[in-house]
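Remarks on the structure that follows.
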Amino acid sequence: MEKPLTKHIKPDGSQLNLKNFVQDGGYEPVRKVLKGMSPAEVIDVVVASNLLGRGGGGFSAGKKWSFVTTDKEREPSRYLICNADEMEPGTFKDRMLMEENPHQLIAGMIISSYAIQADKSYIFLRWAYKKSETVLRKAIAEAYEAGFLGKNILGSGYDLELYLHTSAGRYICGEETGLINSLEGKRATPRDKPPFPAISGLFGKPTVVNNVETLSCVPHIIENGADWFRSISLTGEGGTKLYGVSGRVKNPGIWELPLGATMREIIEQHAGGMMDGYKFRGALPGGASTDFIIEEHMDIPLDFASLVPVGSRLGTGTLIILDDKTCPVAFLHNLEKFFAKESCGWCTPCREGLPWVEKILESIENGTGKEKDIETLKFHTWYCGPGHTFCAHAPGAMEPLQSGLKYFHDDFMQHINEKHCPWRS
Amino acid sequence: MLTEQEKKEIEEEVKHYPYPGVACLDALKIVQAHRGWVADDAVRDIADLLDISSEKVDGVATFYTRIYRKPVGRHVILICDSISCMIMGYEPVYKHISAKLGIHFGETTADNRFTLLPITCLGNCDQAPAMMIDNDLFNMITIENIDQIFEKYE
Ligand SMILES: Cc1cc2nc3c(=O)[nH]c(=O)nc-3n(C[C@H](O)[C@H](O)[C@H](O)COP(=O)(O)O)c2cc1C
Ligand code: SF4
Ligand code: FES
């Protein structure tokens, strides 16, 4: 089984320095691209590889790059931004890639910047990731010193600056246009789309935003080709995935597996199964803003296409497990409190709707909820849903709620009828 | 009044950008690094220096959770209150900390030693519950190991 993203990583997880990474051939794809490929050729390979965005949206990385104009006369500067704002509850994959293999990300950023002919690139790093910050600062300095960044990289005539930007908190900074506003020193409220960032992004210039894991895949695609990348997944979507598990399992953690692994394999083989005395009730497959999947979905490939027919999506690929000793209403209440708190406040359904949802869930959890409240919650899953808000934050918040209302209806009714939470003594 | 040092650091940031207002968040971070928090006069001074309105600076300052518009204690405790940490039991640990220090989320101890705040998922969900004190990360916190962790922070 091939594990390109983690193959260089040392068993103890300590940071790979430049020397180790160069010895392992890690920067060879950069050389290959700068010495012998045109930007259009790089884009073609990445489109053909079917690399889909690992930040949660699953959009083709190569296609996104192809929207950036090639007309350098009209638009001399453009930007590449690495989205390292990882704040999705239950998600802890980008942190590992940055802490343990920072040069893989830098190599991916150089190649991706070259593909869109960016002259400046940024890593937008979340405030709390202090270790990632230290590791990345060192790695960026090493890459400059070795001539992989800066002017005339490897004598190719291509110039690229890479800046590390540390943020100041707020989940909405992860939404790509909110991120761009934040980089411009403003409140991180999302922007209207279109125009998409590829047309008008940072400082009004063409900009591509990609996730850490997406960019980390790029050097391997260049090294081994598009066909290889498609072949290492189980379903043809391309590549491997960092899958994670948190919650009451024996061995929570993160593993690189072929894209399309099943929940059964991940939970039973890698996470060691449920802890003794706990039973599986459901899972959010990819962070807080994905719909629940349950026991009957154990054998569905966890990739971008296969989860859609069962009403969910891959998201970030880090599973959060709901066990039988955790109250599903309390679980949802925790999620909606997070979403309400992190709403940027720009549009009404989200700003007003999410706190209302939170209050209703709180009252049901506390035993003062009414049957009519269920209808109000259902109404919100439509009202705060896709097409009614400025960005995907509120629709994301509604995903676990709508599926939770469906799968855990009896638990909701038990709270309402018994006027208290059955999980509380 | 911004100090000469603060001004110098802010002007250094301004150089990287197409117009001075872009440095707004950087300026807030710089002031906070020197003073621990950002008071009203600092908001006005930053606005003057960057040639933007103080409402705009305050709008930015109040948007971001890691910019403090009120004084904080010598150490800031950030407890993850997101889903994986809830499942793994951050609440009993929070209650223990809260009782021990005599403060709730959003408050500072009378001796100014600690401020207690919640934070969204720290990306340590496989080793939950997680907590940060200042720049240090702690995994798998329990009622038993909290006292020992606190000792280091005077
Ligand atoms: C509320 C919200 C938060 C987001 N947070 C992140 C994040 O922390 N990291 C990330 O890579 N993408 C995040 N995204 C997705 C980004 O908007 C964007 O689609 C992604 O960075 C594109 O990269 P990709 O195509 O490589 O996945 C978020 C989206 C929304 C709506
Ligand atoms: S949906 Fe929420 S987070 Fe997104 S723009 Fe509207 S208020 Fe802001
Ligand atoms: S939910 Fe607490 S660290 Fe992720």
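The values are calculated or read from the model by the stated rules, or taken from the named source; none is laboratory data. Just so it is clear, the structure is predicted and the values come from calculations on it, not from any experiment. Glycine also receives a Cβ, built like all others from the backbone with ideal geometry; neighbour counts cover every protein chain displayed. Surface accessibility is based on the protein's heavy atoms, side chains included, excluding ligands, DNA and RNA. Shrake-Rupley method; radii C 1.70, N 1.55, O 1.52, S 1.80 Å.
Values as computed for the structure displayed
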{"item": "Shape category assigned to the stretch B:4-63 from the gyration tensor of Cα positions, a/c cut at 1.5", "result": "oblate"}
{"item": "Average beta carbon contacts from partner chains per residue of B:80-93, 10 Å cutoff", "result": "6"}
{"item": "Assigned charges on the beta-carbon of Lys, Arg, Asp, Glu; the stretch A:18-231 dipole about Cα centre (debye)", "result": "360 debye"}
{"item": "Tally of Lys pairs whose C-alpha atoms are under 26 Å apart, taken over chain B, 8 or more apart or cross-chain", "result": "18"}
{"item": "Contact surface B-A: accessible area buried, both sides summed, square angstrom, 1.4 angstrom probe", "result": "3400 Å²"}
{"item": "Proximal aspartates and glutamates relative to A:LYS186, as straight alpha-carbon distance under 18 Å, when same-chain residues fewer than 8 apart are discounted", "result": "A:ASP85, A:GLU175, A:GLU176, A:GLU342, B:GLU11, B:GLU13, B:ASP26, B:ASP45, B:ASP48, B:ASP51, B:GLU55, B:ASP58"}
{"item": "Value in Å of the Kirkwood radius, where the stretch A:165-227 supplies the Cα pairs that are averaged", "result": "13.0 Å"}
{"item": "Estimated [θ] at 222 nm from DSSP helical runs (n ≥ 4, -39500 (n - 2.57)) normalised by residues in chain A, nearest 500", "result": "-12000 deg cm²/dmol"}
{"item": "Cβ-placed point charges (K, R +1; D, E -1), dipole of the stretch B:75-150 about Cα centre in debye, nearest 20", "result": "120 debye"}
{"item": "For A:THR290, distant residues with modelled amide H under 5 Å away", "result": "none"}
{"item": "Fraction of accessible area attributable to carbon and sulfur, the protein assembly as shown (%, probe 1.4 Å)", "result": "51 percent"}
{"item": "Sequence of A:VAL47, A:VAL209 when ordered by accessible area, the most exposed leading, probe 1.4 angstrom", "result": "A:VAL47, A:VAL209"}
{"item": "Nearest 10 degrees, 0 to 90: helix A:212-224 Cα axis against chain A principal axis", "result": "50 degrees"}
{"item": "Centroid-to-centroid separation of the stretch B:90-134 and the stretch A:332-398 [C-alpha atoms, Å]", "result": "26 Å"}
{"item": "Gyration tensor verdict on the stretch A:87-232 (Cα atoms; rounded if a/c is under 1.5, prolate if a/b is larger than b/c, oblate otherwise)", "result": "rounded"}
{"item": "Exposure rank, largest accessible area first [B:ASP48, A:ASP85; 1.4 Å]", "result": "B:ASP48, A:ASP85"}
{"item": "Per-residue mean of C-beta atoms belonging to partner chains within 10 Å, peptide B:60-67", "result": "6"}
{"item": "Calculated SAXS-style log₁₀ I(q)/I(0) at q = 0.05, 0.09, 0.12, 0.13 Å⁻¹ - the protein assembly as shown, Debye, Cα scatterers", "result": "-0.21, -0.70, -1.28, -1.49"}
{"item": "222 nm mean residue ellipticity, helices alone, for chain B (DSSP H n ≥ 4; -39,500 (n - 2.57); rounded to 500)", "result": "-13500 deg cm²/dmol"}
{"item": "In nm, spacing of pseudo-spin labels at A:ARG137 and B:ASP111 (7 Å Cα→C-beta vector)", "result": "3.1 nm"}
{"item": "Chain B: antiparallel DSSP beta bridges as a percent of all, rounded to 5", "result": "55 percent"}
{"item": "The stretch A:287-425 shape via C-alpha gyration tensor axes, a/c threshold 1.5", "result": "oblate"}
{"item": "B:MET88 - accessible surface, heavy atoms, 1.4 Å probe, Å² rounded to 10", "result": "40 Å²"}
{"item": "With DNA, RNA and ligands ignored, accessible area of B:HIS34 (1.4 Å probe; Å², nearest 10)", "result": "90 Å²"}
{"item": "Antiparallel DSSP beta bridges within the protein assembly as shown, as percent of all bridges there, nearest 5", "result": "45 percent"}
{"item": "Potential extension, A:GLU28-A:PHE203 segment - 0.36 nm per residue separation minus Cα distance", "result": "59.7 nm"}
{"item": "Quarter of the Cα convex hull surface for the stretch A:242-323, i.e. its orientation-mean projected area (nm²)", "result": "4.4 nm²"}
{"item": "Calculated SAXS-style log₁₀ I(q)/I(0) at q = 0.11, 0.13, 0.27 Å⁻¹ - the stretch B:75-150, Debye, Cα scatterers", "result": "-0.23, -0.32, -1.42"}
{"item": "With all protein chains modelled, accessible area of A:HIS333 [1.4 Å, Å²]", "result": "30 Å²"}
{"item": "Reachable lysines from A:LYS3, criterion Cα separation under 16 angstrom, eight or more residues apart if same chain", "result": "A:LYS93, A:LYS241"}
{"item": "P(r), alpha carbons of the stretch B:3-154 - 5 Å bins starting at zero, rounded %", "result": "2, 9, 17, 17, 14, 12, 11, 9, 7, 2, 0"}
{"item": "Other protein chain Cβ atoms within 10 Å, averaged over every residue that makes up A:89-100", "result": "4"}
{"item": "Accessible area (Å², per residue) of the stretch B:30-126, counting only protein heavy atoms and a probe of 1.4 Å", "result": "41 Å²"}
{"item": "Reach of A:LYS10 by Cα under 14 Å, taken over aspartates and glutamates that are not fewer than 8 positions away in the same chain", "result": "A:ASP24, A:GLU99, A:GLU100"}
{"item": "Exposure rank, largest accessible area first [A:HIS380, A:HIS420; 1.4 Å]", "result": "A:HIS420, A:HIS380"}
